[in-house]
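The structure under discussion appears below in the form of structure tokens.
The values are calculated or read from the model by the stated rules, or taken from the named source; none is laboratory data. A quick note: this is a predicted structure, and the numbers were derived from the prediction, not measured. Every residue, glycine as well, gets a Cβ built from its backbone with ideal geometry; the counts of neighbours run over all protein chains shown. Quick note on the areas: whole protein, heavy atoms, side chains included, nothing else; ligands and nucleic acids left out. Shrake-Rupley method; radii C 1.70, N 1.55, O 1.52, S 1.80 Å.
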Amino acid sequence: MQTFTSRTSKLFPSKVQHLWILQTILTRPMSQSTSIPRKQIRVRDHGYDDYMEVEKKVRKVLKFQDLILSQPNSMLSVSRLDMLSRRIGFKQFEAGRFILKFPHVFEVFDHPVQRILYCRLTRKAISQIDQESRALLAQIPDSVTRLRKLVMLSNTGRLRLEHVRIARKEFGLPDDFEYSVILKHPQFFRLFDADETRNKYIEIVEKDRNLAVCAIDREREKEYREKGVDAENIRFSFIVNFPPGFKIGKYYKIAVWKWQRLPYWSPYEDISGYDLRSLEAQKRMEKRAVAMIHELVSLTVEKKITLERIAHFRMAMNLPKKLKEFLLQHQGIFYISTRGNHGKLHTVFLREAYKKGELVEPNDLYLARRKLAELVLLSPRKVKRDKELVNYRRDGEEDERKIFKFEDDFEARENVKPDSGILEDSDGDDDLKDVSDYSDEDNDCNETDSENSCVTE
């Protein structure tokens, strides 16, 4: 048989080569040119990076707020603040310079009894904290729904309490959510201790089919009703919006077009009985992971969450190990920003939820948190504060301004009445200095009183 093949190859070399090429095409996997590449370079979007630069300042301001509010009477001496700020990552003498950058949030004043500098929150900052606390309490019914959907996303219908506690701010849960959300709603949640790990878990009592609807499914239905797009084209598609500067080639367009029409299982669907060994099932599972992360980010208040928070739910939601590389394959759906903590923190944004640096559909809790960012961004020049506590070299300048103002008024009077003969002597400058030394308190003295009624130097 080997001899026959060798002879035929010598007689018909072109035909054998053609058969071999056809066989390799049929047996080899899908070409990489028509599939989304596994590794892609992250393209920066400066709109989201600038958002995180402001968020970095707000995060530091919140640390100082917690320090001040934890003290008696909600105020703290500057010297003690400098000592306590080293625990949260600040260097020596850095805390004082930091709070002076944000005078709309922090107020530095001289204590009336101790006569030392103290720091407290301004009225605007206290009003913002009250507004955020009211918005947090008002949306507790919505937070209950978000927590139910979050637990339903897990494979076993349970999540670790500690993982939810770490991400409670992103999901709009209060600090005491274990009592105000979980224990107050026993018809939805059950809290128990696992025997094998000795960790507390949140378990869903019963899955509600009405809640098992993803946010992307509602967007597809909305787009279909408004624009009348073909239902078959958007049945499994996602909203894709690539960052500026992202290079889209011909074959990449074909790969995205094929991926958008690939069917997948819903994140709320139980797939424990499915056979996942085939290549088609693996592709569906990869797209299901994209839908899982999309739904997870959609449940947050600000439509963003750190990559480290998502990693806590990786085992419970069947997410891939290399999350960053996985999300970089879909830069039109998500954006990963490394700003905020010297590149150590990765924040995942949902691109379709933002437009020009703001949420498309803002909520009360988001608006209350953005007010703190507005106070941080306000210019320090637009605030009235005691200059003696901030700048000690302006006293002489203020006195000189008063003298110059008096000289201007004197010249104006001299031009109006040239024959009055006022201050024609050579000692006029000395008289001018004597007049400029008078304060406003001297004018309050009655002219009819005697010369001893007003005490002068």
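One table, with the values for the structure above:
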item	result
Hey, Y201 hydroxyl-bearing (S, T, Y), modelled with pLDDT under 95 and open to solvent by 50 Å² or more (accessible area, probe 1.4 Å) or not	no
Which listed residue is closer than 27 Å to E269 by Cβ, open to solvent by less than 70 Å² (accessible area, probe 1.4 Å) and either modelled with pLDDT under 95 or among the aromatic types (F, W, Y) (or both), from F90, F171	F171
S79 modelled with pLDDT under 90, open to solvent by less than 30 Å² (accessible area, probe 1.4 Å) and more than 30 Å from P267 (Cβ to Cβ)	no
Of the criteria (1) under 21 Å from the mean Cα position of the chain (by Cα); (2) surrounded by 14 or more Cβ atoms within 10 Å (Cβ to Cβ), which one L153 fails	(1)
Matching residues, the stretch 360-374, being touching a residue at least 40 places away in the same chain (Cβ under 8 Å), assigned to a helix (DSSP H, G or I) and open to solvent by 20 Å² or more (accessible area, probe 1.4 Å)	D364, L367, R369, K371
Which numbered condition L262 misses (of (1) within 30 Å of D142 (Cα to Cα); (2) hydrophobic (A, V, I, L, M, F, W, C); (3) open to solvent by less than 40 Å² (accessible area, probe 1.4 Å))	(1)
Some residue of the stretch 117-132 being assigned to a helix (DSSP H, G or I) and within 30 Å of L211 (Cα to Cα)	yes
Residue ranges of helices (runs of 4 or more DSSP H) in the stretch 215-300 with at least 2 members without any contact (Cβ under 8 Å) to a residue 40 or more places away in the chain and closer than 16 Å to L319 by Cβ	279-298
Test set (1) open to solvent by less than 70 Å² (accessible area, probe 1.4 Å); (2) of a type in the set (S, T, N, Q); (3) in contact with a helix residue (DSSP H, G or I) (Cβ under 8 Å, 6 or more places away or on another chain) - N318 fails condition number	(1)
